[in-house]
Amino acid sequence: MTQTTSLQYEAPWPVYALDWCKSSAPGQQMRPRSAFRLGIASLTSDYRNRIAIVGLQDERVLVEDDDYGDYPDFVTLVEAQHGYPATRLQWQPGTANSFAWSQKAASAELLATTGDALRVWEYASDGPAAGSAYVGRQSSGGGHRLTLKTALSGQSKVQNNNTGAPLTSFSWNEKSPSLVVTSSIDTTCTVWNIDTSTAITQLIAHDREVYDVAWLPGSTDIFVSVGADGSLRAFDLRSLEHSTILYETPAPKNVPPPSTSPSSTARPPTSPLLRIAFNPADSNYMSTFHMDGSDIQILDMRSPGQPVMELRAHRAQINALGWSSSESQLLGTVADDCQLLLWDIAPYTQSTAASPRHASTGLSSPRPDVKKRVITDPVMAYTGASEIVNMAWSPQIAGMSMNTGHSTAPGEWIAIAMGKSIKALKV
C-alpha cells in the first residue's frame, strides 16, 4: 500500500486564482479531509466568472488503491457567481478562528477575493453527512454554503468616478485578521477593516499601477507593494507621509534620450514588478519577479537597493511564487515553461544571520558587503502538462490514520493550476 503523492481535479472552467485552506474546518479537526480544501476561481473574459470550494472526494484517495481509480480525487463542495474574474483568492488566516469577529458564526470560515471590489465570503458546512463514506457519492449535498458577506470598493483618490478602480491583489493580516490591504491599478493601496466594512486609509503608493501587496509578517503597521513603475516600496501606517523604496528595477540600457515632453524628468520605462512575498521563516527576506522575467529576485530588508540572491532555472516567464509556511525556507515558483521549481534558500541565509554585524546593528542598517548570489539549482522540479499559472502551499498537514487501517505521513502539499487542471503534489 503506497501513499498518494499527487491528487487531481478538473474544473469546468480555466482556473487562475487559488488558495489552500489554512486550517481545518471549525469542529472538524479530527476529519482529515477538512485540511484538503481548495478555493479556486475561474478566468473567463466575460461577466460570468465563478468561485468554488473543492474538497477531497474521500479520505481513501490519500492512499493509492486501485479500487478508486474511477473517481476524481476532489469534488466541488459549493460554488458562487463572481462576475469579473478574481485577481486573487485567499482563505482566512489560521489565526482567524480565535479572533473575536463581531458578525461571524463560530462555525463559519471567511474567504476573500479581489476583482472590481474586495469581496468577503462566508463559507459554512453542516459537517459530513452520515452516509458520505461511500465512494462516488457527490459530497456537495452535505449542506455547504458560500455566501457573499460584503463587497468593498472605495472611492478612488485619483479618479473621480464613483466606483473604485479594479483591484489587482490583497494581503490578509495574520496578527489581526480584520485587516486587509488591497492594491489597485489606480496607483493606490487601501487598508480595510473587514469586520466593520470600513476603509482605514488609502494612500497613493506608486507612480503607476500597483500589482501586489504584502503585510510584513507579525506586523499590523508595515506592508510592502510592487508595481508597474518597477519599484518595491515599504509603508508604515504610523507615518504615512513617506514611503521607503527598497528596490527599483535597473533602467533599461540603450534607451533613447528623453524627449522634451513635460514628463521627460520621469524615470525611463522599467520592467514592472508583478509579485511580492515575504519568507515567513525569516521576514527580512522577500521574493519578487519582473514582468516577462524568468529569474526570481530575493531581497533583504537590511540591505535594500539590490537583490542578495537571484534564482535562475526557469526557461520562460514566471507566473507566481509562494513560500512554505513551515520553517523550511522553501520557495515554490511556477512559470510558462510548465515547471514548478522548489528552492531552498536556508543554506544562503544562515551565514548572514550569524554574523556579528547582524547581532550588533539595527534591522535597518545597510549591509554594503552583501554580494548577489546566483542560485541555479532548485531542490525539486515538477513538469506539468501545460503552462502553470498559479500555485498555493498547504499548511503542515498532520499524518492521519484511516478507518481502513491505512495511514498517511505528515507534510505539506502544493496545488498548481494549469488550464482547467489542478494538481496537488506532496512535497
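The values are calculated or read from the model by the stated rules, or taken from the named source; none is laboratory data. Every value quoted in this text rests on a predicted model; they were computed, and no experiment measured them. Neighbour counts run over all protein chains shown; Cβ positions are idealised from the backbone, glycine included. Protein only, heavy atoms only, side chains kept; ligands, DNA and RNA dropped before computing areas. Shrake-Rupley method; radii C 1.70, N 1.55, O 1.52, S 1.80 Å.
Summary of values
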{"item": "Under Karplus coefficients 6.51, -1.76 and 1.60, residue-wise ³J(HN,Hα) of segment 236-248 in Hz, glycine/proline x", "result": "10, 4, 7, 8, 7, 5, 9, 10, 10, 7, 8, 6, 10"}
{"item": "Rounded accessible area of Val226 (nearest 10 Å², 1.4 Å probe)", "result": "0 Å²"}
{"item": "Computed lengthening from Ala234 to Thr404, 0.36 nm per intervening residue step minus Cα-Cα distance", "result": "56.0 nm"}
{"item": "Chain lengthening between Glu327 and Gln306 when straightened (0.36 nm per residue, less Cα-Cα)", "result": "5.1 nm"}
{"item": "Full-stretch length increase - Ala385, Thr95 - with 0.36 nm per residue and alpha-carbon distance subtracted", "result": "100.8 nm"}
{"item": "Restraint check, Lys371/Lys426; Lys371/Lys420; Lys175/Lys423; Lys371/Lys423; Lys175/Lys426; Lys149/Lys175, Cα-Cα greater than 32 Å", "result": "Lys371/Lys426; Lys371/Lys420; Lys371/Lys423"}
{"item": "Cβ-Cβ FRET estimate between Leu148 and Lys371, R0 fixed at 60 Å, reported to 0.05", "result": "0.75"}
{"item": "Sequence of Glu327, Glu174, Glu412 from largest to smallest accessible area, 1.4 Å probe", "result": "Glu327, Glu174, Glu412"}
{"item": "Sequence-distant residues sharing a close amide H with Gln3 (under 5 Å, placed H)", "result": "Glu64"}
{"item": "Largest to smallest accessible area among Met400, Met301, Met291 [probe 1.4 Å]", "result": "Met291, Met301, Met400"}
